[in-house]
Structure formats: structure tokens, C-alpha cells
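Read the structure below first, then the notes.
The values are calculated or read from the model by the stated rules, or taken from the named source; none is laboratory data. Note that the structure is a prediction, hence the values are computed from the model and not measured. All Cβ positions, glycine included, derive from the backbone under ideal geometry; neighbour counts span all protein chains shown.
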Amino acid sequence: MNVTELVGLIAGALTTIAFVPQVVKIWKSKHAHDISLATFALFSTGVALWLVYGLRIGSWPIILANGVTLALALLILMLKWRFRD
């Protein structure tokens with residue numbers, strides 16, 4: 001693994017981990033009113049496209065980071081739907 005891939009993996013890990021507290025907060029509070037459906041829908045679409053891009057160029061840092069981030073973003077969307085008012 002070269003330095004560029006290591007930087008990509010660290011960057012991907014940090015930006016992905018940033019979503020975990022939001023998921024935990026929604027799950028514990030059973031409340032997602034403050035989460036913007038439009039924002040997370042657009043974000044999820046963008047992350048899905050980054051995942052496709054990573055797959056097309058064969059970049060593991062991009063594939064791993066965006067695969068996990070997409071799963072977390074979709075989980076937030078599912079929790080928003082489940083705990084809707």
C-alpha cells in the first residue's frame with residue numbers, strides 16, 4: 001500500500017465514522033424530525049455514484065469508504081422513515 005492509498009483509507013474512515021454518532025442518536029431518541037430527507041436522499045445518491053466511480057477505477061479506498069458511508073446514510077433514511085411523525 002502506498003502513501004496515497006493510506007491517506008485515502010484514513011480520509012474515508014474518518015468521514016464514514018462521522019455518521020455513526022448520528023445513527024446512534026436517532027436510534028436512541030427514536031426521533032429523526034431534524035434530519036432533512038432531501039439532503040440525505042441527495043447525499044446517498046452522490047455517495048452511490050462515488051461508489052460506482054470507485055468500482056470503475058478499482059480504487060479500494062473509494063470503494064470501502066463509500067460502500068460503508070452509503071450503508072450508514074441509507075440506514076439514517078430508513079430510521080427517518082421508521083420514526084416519522
| note | Restricting the range 49-85 to residues that are among the polar types (S, T, N, Q) and part of a helix (DSSP H, G or I), the one surrounded by the most Cβ atoms within 10 Å (Cβ to Cβ) turns out to be ASN66
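Let's see how each residue does on (1) outside any helix (DSSP H, G or I); (2) loosely packed, with under 11 Cβ neighbours inside 10 Å; (3) at pLDDT 90 or above:
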| site | (1), (2), (3) |
| --- | --- |
| GLU5 | no, no, no |
| GLY8 | no, no, no |
| GLY12 | no, no, no |
| VAL23 | no, no, yes |
| TRP27 | no, no, yes |
| ILE35 | yes, no, no |
| ALA38 | no, yes, yes |
| SER44 | no, no, yes |
| VAL47 | no, no, yes |
| the range 31-54, residues that are more than 14 Å from the chain's Cα centre (by Cα) and under 19 Å from ALA13 (Cβ atoms) | TYR53, GLY54
